[in-house]
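Input: a single structure, listed below in structure tokens.
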Amino acid sequence: MSRKVRRPDGSVAELPAASEAGLESLQRASFERPPVRNNRASGDGEEVGAGAAGGGSFALMAVAVAAGSGVESGVRLGGGAAPAGEAIGSAPGGEEANRSISEETLSAKAALSEESLKARKSLSSIYGKVLVVDNIESARSTVKLLITKYKSFIHACHPEVADIDAKKKTPVGHGEVICFSIYSANSDVQAADFGNGKTCIWVDVLDGGRGVLMEFAPFFEDPSIKKVWHNYSFDSHVIENYGIKVAGFHADTMHLARLWDSSRKNDGGYSLEGLTNDRRVMDTVPEDLPKLGKISMKTIFGRKIVRKDGSEGKELQREDRELWICYSSLHLMSRLRLYESLKSKLETRRWVLDGYPRGTMYDFYEQYWRPFGALLVKMETEGMLVDRGYLSEIRKAANAEQKLAADKFRKWASKYCPDAKYMNVRSDIQIRQLLFGGIENSRRPGETWPQSKTFEVLNEENVATEGKKTSKHRIIELCGIVEDLKTAKFTPKTGWPRTSVGW
């Protein structure tokens, strides 16, 4: 399916369908020509539509976040590209090599909230550090530095992907790389310099074409060049869809974070944003990058508009392209900082096996988790035959057994706490209430978990409150049913007992 958008001149055009689950923000704007799409069957770059000879720029940008995978994917369909081979932020003679984005761009001639303006100004501070590569010539010169002068550096990598619904499709054979970033630093955390103080590479595949991406094949395929990813599985697959065999897997910050703390699923999560905005995670690295905190992308880039039906909405504008490049680059810089911090934390933890010290937990990662992660990615690439009919049947059986076990637990627990009959057995906090009511906090001595607590749950039994209609939810009260249950596992942030084994 395609999506219709209205240009400022009132005419209507169609955009390719985008992932509903993956798009966090997709807004209307004008555009001068349609994007270059990759023909998966033939492997050739195929331009959809006509009129490419004109401006060569777009005025639509969006950022896709692959749902459930922890992968941030930015979609740039917006225009205003720099001249071929010229670094964003540079000018003849290098006079403006480190200039900031103009005030006009920051305000973008539209009403923005004070919070948005502040975030945009902070974000723009890295503008002079970004090198935009959008043609073959500049790609070759950049790759030469990567595979020679900076070959021994550690390189954080991240592709931005469009045309994939991560909830429904595997990245093997699906998705279109529209840009990617590389940020490199040595063991002393000294960033690579690609000229005029440019330390982060932002490669425009959408405007530059498939050939620009292919120029980076020697970098991606070199097993001696160390590369750091966040969700290596997804990123490597979408790059390999172009025939590039990714090698040199050095670390996955998502894996490192899970090894460091397997209880973050409900306590900050494992997304790049969740990890890099958490000082518990990033406390071992310098705070030398702008902090956007939990400000959403819509807050930074969205402008209020009034829809035809009178409701308010937000749209992205042409002038935001440079800020989007900064946003994408900042995330990559933060990724390398995240790797450094997690590596440092794991190096301080002892790896003990059968009572004998074997090194640090980072040694454990290098010896076991890293090669195992690489093996899993190879298995995903090869795939495996599955009897879908049989799988469907055993799934039904498993769901039935799960329901039976949950009902059995509720029935047992309700003997000691009547409302446990209606509890959500998948809720960590409700399980904690039942098993650890009255326990003392491990981080704050003297503070205890309440003996009883009320919860709102689905009214699956359609119980009606006296004098009121039956509602969708009802209130239950759970109390502790176990006295002095001991545990050695507490969540680092809250200090309360863990109720699951994690990942």
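The values are calculated or read from the model by the stated rules, or taken from the named source; none is laboratory data. All values derive from a computational prediction rather than experimental measurement. Positions of Cβ are generated from backbone atoms using ideal geometry, with glycine treated the same way; all protein chains shown enter the neighbour counts. Note: areas computed on protein heavy atoms with side chains; ligands, DNA, RNA excluded. Shrake-Rupley method; radii C 1.70, N 1.55, O 1.52, S 1.80 Å.
Things worth noting here:
- Pairs meeting the criteria (first residue in the stretch 349-365 and within 19 Å of Asp252 (Cβ to Cβ) and among the aliphatic types (A, V, I, L, M), second residue outside any helix (DSSP H, G or I) and open to solvent by 70 Å² or more (accessible area, probe 1.4 Å), beta carbons under 7 Å, at least 6 apart or on different chains) are Met361/Arg349.
- Residue identified as at pLDDT below 95, over 30 Å from Ile481 (Cβ atoms) and within 29 Å of the chain's Cα centre (by Cα) among Met361, Met379: Met379
- Test for Gln430: is it at pLDDT 90 or above, in contact with a Cys (Cβ under 8 Å, 6 or more places away or on another chain) and not aromatic (Phe, Trp, Tyr): no
- The one condition in (1) open to solvent by less than 40 Å² (accessible area, probe 1.4 Å); (2) in contact with a Phe, Trp or Tyr (Cβ under 7 Å, 6 or more places away or on another chain) that Phe364 fails to fulfil: (1)
- Residues satisfying the stated conditions in the stretch 351-408, i.e. of a type outside the set (A, V, I, L, M), more than 30 Å from Val228 (Cβ to Cβ) and outside any helix (DSSP H, G or I): Asp354, Gly355, Tyr356, Asp387
- Listed by position, the helices (runs of 4 or more DSSP H) contained in the stretch 244-283 that have at least 1 residues being of a type outside the set (S, T, N, Q), under 14 Å from Glu340 (Cβ atoms) and open to solvent by 10 Å² or more (accessible area, probe 1.4 Å) are 253-260.
- Considering the stretch 461-478, the residues that are among the acidic types (Asp, Glu) and either outside any loop (DSSP other than H, G, I, E, B) or farther than 18 Å from Cys417 by Cβ (or both) include one that is modelled with the highest pLDDT, namely Glu477.
- Contact annotation: residue pairs with Cβ atoms under 6 Å, 6 or more positions apart or on different chains, pairing a residue in the stretch 369-387 that is within 17 Å of Gly248 (Cβ to Cβ) with a partner that is of a type in the set (Ser, Thr, Tyr) and at pLDDT 95 or above, are Val377/Ser233; Val377/Ser236.
- Boolean, Val425 is out of contact with any Asp or Glu (no Cβ under 7 Å at 6 or more places or on another chain), under 19 Å from Phe436 (Cβ atoms) and at pLDDT below 95: yes
- Evaluating Asn424 against the criteria (1) in a helix (DSSP H, G or I); (2) surrounded by 10 or more Cβ atoms within 10 Å (Cβ to Cβ) leaves one unmet condition, (1).
- Residue in the stretch 283-294 that is among the hydrophobic types (A, V, I, L, M, F, W, C) and at pLDDT 85 or above present: no
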